[in-house]
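What follows is a set of notes on a single structure, which appears directly below.
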Amino acid sequence: MRTRFLFPILVFYLLINSGFSQQPIMTMINSNWEFKKSGDTSWLPAVVPGTVHTDLLKNHLIDDPFYGDNEKKLQWIEKEEWEYRASFNVDNALLGKDNISLKFEGVDTYATIFLNDTLILKANNMFREWEVACKNLLKKEGNILAIKFQSPVKYDKKQASSLPYQLPDERAFSRKAPYQYGWDWGPRFVTSGIWRPIHLIGWDKARIKNMHLQQKEITNTLAKITAIIEIESNTSFQGTIDLHISDYDKSYQKESSNFSIGINTIRVDFDIINPRLWWTNGLGEPFLYEVTCELTDNNHLVDTRATRIGVRSIELVQEEDSIGASFYFKLNGKPVFMKGANYIPQDNFLPRVTKEKYSLLLKNVVDANMNMLRVWGGGIYEDDIFYDLCDENGILVWQDFMFACTMYPGDPDFIDNVRQEAIDNIKRLRNHPCIALWCGNNEIDEGWHNWGWQKSFGYSKKDSAEIWKNYQKIFENLLPGIVRAYSPSSPYIPSSPAIGWGHPESLRKGDSHYWGVWWGKEPFEVYEEKVGRFISEYGFQAFPDLKTINSFSKPGQRDLNSKVMLSHQKHPIGNELIETYLERDYNYPKNFEAFVYVSQLVQAYGIKKAIEAHRRAMPYCMGTLYWQLNDCWPVVSWSSMDYFLRWKALHYFSKKAFQEILVSAKVDDGKVSVYIISDKQDLVKGKLILQGMDFNGETFGETSTDINIQENRTEIFAKFEIKELLKGKNKRSTLLRMMIFKKEILLSENLYYFTTPRELKLEKPSINIDIVRIDGGYELKLSTDKLAKNVYLSTDVVDGSFSDNYFDLLPGDIKTIYYLSDKIIQDFKQKIKILTLVDTW
């Protein structure tokens, strides 16, 4: 057993003035933690923030949870109770403060907390913040903070047994990240731990607890904003509030406010004349102002708080029309087509997600021309850095509350817990300009009405009435009321989707989760016909990068039906469905490596059809968010980037399909219609070039037309019979090349094939590649003697990235690709592998 330890806490002083200061002091308790399983005698080193699983792994008590089929060997962890403790000192500056509290930013989940052997808190919600006054319990040296975690699954079972009926899933009872219990893309690791920091906070006369910057009226010439400031005081005094706005040569002051003991709410109205508005990626600059609030007493600074805002208006427009009802967003008064994906937590063990990984993920989102992410309701309310990066990069966030795919209890304790969870997170996130929408839950309304729960769980009429009443209590009364009270300008909807995908009206009003493709086994062509008003979920699976597969498997396990590969495929018939769709449109691959590559092409092929169909249907359809952006572990899934953020073919395809200006073809009854879609807010003059081309590079039937591309709309610019274009050529060996130029700049290019990849008459191409070392990597120039379909470049030397991949290379073209890496690679050309579709047969 380790000897008891004492250590000084790393202290971060929020001091601005030198000398004596009344300002608060905040310290973090993040060093020399210990943990053990309840009943054990030996304490082991722990990392906070962290989780039980990662602490066991660091102490070599378990194998890597993500490797092989280790997941099933680690299910014992969720059934145990775990204990953590830390010893710390408090310096004189903090100990001398009139008020001291412990703030727990994230405790997962059922935790009994003691300070110096005194019970101070019983936590029961992973998503809440907890603050406890503790000055009378602290001493200068040798303080002991101890936390005991109860097994969440044992709690769930106990709560479930107290009801006269069975809810669809026991995870409903715990306010804990639902995905930890497993999903059809994620493993089951029901962990516990201190997953966000613990702080000691000391203050004297008063402190600023919260500042809400409520945007009342936003135009191009004037922003009218009210700062609503919560100040906690332990005495009565007269103070002054000053507001300073960065990049704006004006300050605002609220003089001689009378503060009384308790919470004081002060309102300061201010204007920004000719504001710099916040815009999404692609539409303009996501400009951010910093607003600093200073609380002073007789010219002494008592406290200060700063936050950033983007000046913008956001509106969800749901208006009845002749078809059904619209569903679209207006940003700064302009309708915006939303392009993006559904986001899930980046790891099963959340504290492992670094700032660098957040930054890279958001960079990849921006690079793919997205402007919205949906934070799915089976995960977490994300860390502040996620929303900060969305603010900085112009990415709007559709924010679900953390409820998904089951019904929930409605007893007073549960409702009160949810109420405070919602308040905590709305107050934390409401100043972020990226927040576009609060949504009550994921697929619960659809589940109740379409998934047969009443029959499968044998609910009586009385049971059904009570369960649905509890649903309404949370999602139609409680949550919308809290949004109105704490963020009144934010839109709210109770559930996504509005109507299940099996109902025709789901395509006419509200948002839609269209799963006829995949779950319904419908062909990809259905995407072009079944287009809704806003498609907030749809998708298709693919295998991750081979490097990712190698990270969790041995060579002999790389087989579709091996125990290890099946443990990393969580959908019960996922591989079967991938094969079904693959065989419809592609030749069956010759080996496992080829299967991985072709599975990604199948995914990208289908989702590209969907994205283009959705964009062609603008303004009937005003959003497309595919399922899903990322993974929480290395797995076969619907993601476009795998766990290591390696791009699948889908992410490259999405980048092109989400361009500001897109040229796209659709065939009906033997006629080709060429659409041009523009998300730009101004008119663009350009040239549309259409070419018929065979796979040897011979061009026939070329046309060139000067065009005016109107802002923010879709239009048909050409329409012709296929037989007129082909002029007797075989459709299996020809394509339509569509290009839009603005002077010499290529704005958009797309290729349309007249049959499926399986039917194409492909021959093995001879690809030439020239490589030059440049700053930050290598420049690659590729050419070919005949069509090279879906060129995939890879190298095992350095885990860098290619600027484009899985592309079609045409004879006569020179394609420039960049390989981004800071390292010099000897004989790099010889170490690049090139794979094309014809190589997989």
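Please give the charge dipole size of segment 789-831, origin at the Cα centre, charges +1 on K and R Cβ atoms and -1 on D and E Cβ atoms. Round to the nearest 20 debye. Walk me through the numbers before you get to the answer.
Working: 5 positive and 7 negative charges, 22 e Å.
Dipole about the Cα centre, nearest 20: 100 debye.
Determine the gain in length on full extension of the stretch Asp775-Thr580; use 0.36 nm per residue of separation and subtract their C-alpha separation, reporting nm with one decimal. Kindly include the intermediate steps, with their values, before the conclusion.
Values: separation 195, 0.36 × 195 = 70.20 nm, distance 4.46 nm.
Extra length available between Asp775 and Thr580 comes to 65.7 nm.
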### Summary
Rounded to the nearest Å, the spacing of the alpha-carbon centers of segment 115-174 and segment 769-841 is 53
## Note on the structure
As straight-line cross-link partners of Lys554, the qualifying lysines (C-alpha separation under 16 Å, not fewer than 8 residues apart within one chain) are Lys563
### Positive-end residue, the chain charge dipole about Cα centroid, Cβ charges, pick of Ala594, Ile771, Asn342
Ala594
### Summary
Probe 1.4 Å, heavy atoms of protein chains only: per residue, the accessible area of segment 366-504 in Å² is 32
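Dipole magnitude of the chain about its Cα centre, charges +1 at Lys/Arg Cβ and -1 at Asp/Glu Cβ only, in debye to the nearest 20?
Result for the chain is approximately 760 debye, rounded to the nearest 20.
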### Task
Give me the distance between the Cα centres of segment 393-452 and segment 286-346, rounded to whole Å.
18
### Summary
Sorting Gln557, Phe540, Phe524 by the position of each Cα along the dipole of segment 518-557 (Lys, Arg +1; Asp, Glu -1; all at Cβ), the one nearest the positive end of that ordering is Gln557
### Query
Sorted by mean Cβ packing within 10 Å, highest first, what order do the peptides 146-156, 400-410, 702-712 take?
400-410, 146-156, 702-712
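Of all GluC sites (Glu not before Pro) in segment 279-383, which ones are in loop regions per DSSP and have a Cβ with at most 11 other Cβ atoms within 10 Å? Walk me through the numbers before you get to the answer.
Numbers: sites: Glu290, Glu294, Glu315, Glu319, Glu320, Glu356, Glu382; in loops: Glu319, Glu382.
Filter output for segment 279-383: Glu319.
Give me the net charge of Lys729's neighbourhood, meaning all other residues with Cβ under 14 Å from the Cβ of Lys729; Lys, Arg count +1, Asp, Glu -1.
Details: positive: Lys723, Lys727, Lys731, Arg732, Arg737, Lys761; negative: Asp694, Glu698, Glu702, Glu721, Glu724.
That sum, taken over residues with Cβ under 14 Å, equals +1.
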### Query
Looking at the chain, which Cys residues are left with no other cysteine's beta carbon under 4.7 Å from theirs?
Cys134, Cys293, Cys405, Cys439, Cys621, Cys632
### Task
Please work out the C-alpha center-to-center distance from segment 581-637 to segment 211-280 and express it in whole Å.
47
### Message
In whole percent, and with a 1.4 Å probe on the protein chains, what portion of the accessible area of segment 680-730 is carbon and sulfur?
### Response
43
### Summary
For segment 280-342, the percent of accessible surface on carbon and sulfur atoms (probe 1.4 angstrom, ligands and nucleic acids excluded) is 37
### Ordering of 43-49, 341-347 by burial proxy (mean other Cβ atoms within 10 Å per residue, highest first)
341-347, 43-49
### Message
Quick check on my link table: of Lys648/Lys743; Lys727/Lys789; Lys521/Lys764; Lys334/Lys815; Lys363/Lys427, which ones sit more than 30 Å apart, alpha carbon to alpha carbon?
### Response
Lys648/Lys743; Lys521/Lys764; Lys334/Lys815
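Tyr527: net charge of surrounding residues, Cβ under 10 Å, Lys/Arg +1, Asp/Glu -1, itself excluded?
Numbers: positive: Lys530, Lys608, Lys609; negative: Glu522, Glu525, Glu528, Glu529, Glu612.
Cβ neighbours under 10 Å give a net charge of -2.
Enter the mean projected area of the convex hull around the alpha-carbon atoms of segment 386-536, in nm², rounded to one decimal. Display every interim value, and only then the final one.
Values: hull surface 42.8 nm².
It is 10.7 nm².
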### Task
Can you find, among Ile426, Ile745, Ile817, the residue farthest towards the positive end of the dipole of the chain? Put +1 on the C-beta of Lys and Arg, -1 on that of Asp and Glu.
Ile817
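With a 1.4 Å probe and all protein chains left in place, how much accessible area per residue does segment 718-836 have, in Å²? Intermediate results must be reported in sequence, preceding the final value.
Details: 6240 Å² over 119 residues.
Heavy-atom accessible area per residue stands at 52 Å².
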### Task
Give the dimensionless ratio obtained when the Cα radius of gyration of the chain is divided by 2.2 N^0.38 Å.
1.01
### Task
Please list the radius of gyration and Dmax for segment 654-733, considering alpha-carbon atoms only, with Å as the unit.
14.0, 42
### Task
State to the nearest 20 debye the size of the charge dipole of segment 95-251 about its Cα centre, where the only charges are +1 on K and R beta carbons and -1 on D and E beta carbons.
500
### Summary
Result for segment 95-241: accessible area per residue, probe 1.4 angstrom, in square angstrom, of 35
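The values are calculated or read from the model by the stated rules, or taken from the named source; none is laboratory data. Remember, predicted model here, so these are calculated numbers, not experimental data. FYI the Cβ positions are ideal-geometry reconstructions off the backbone, even for glycines, and counts take in every protein chain you see. When the accessible area is computed, the model is the full protein with side chains, heavy atoms only, and any ligands, DNA or RNA have been set aside. Shrake-Rupley method; radii C 1.70, N 1.55, O 1.52, S 1.80 Å.
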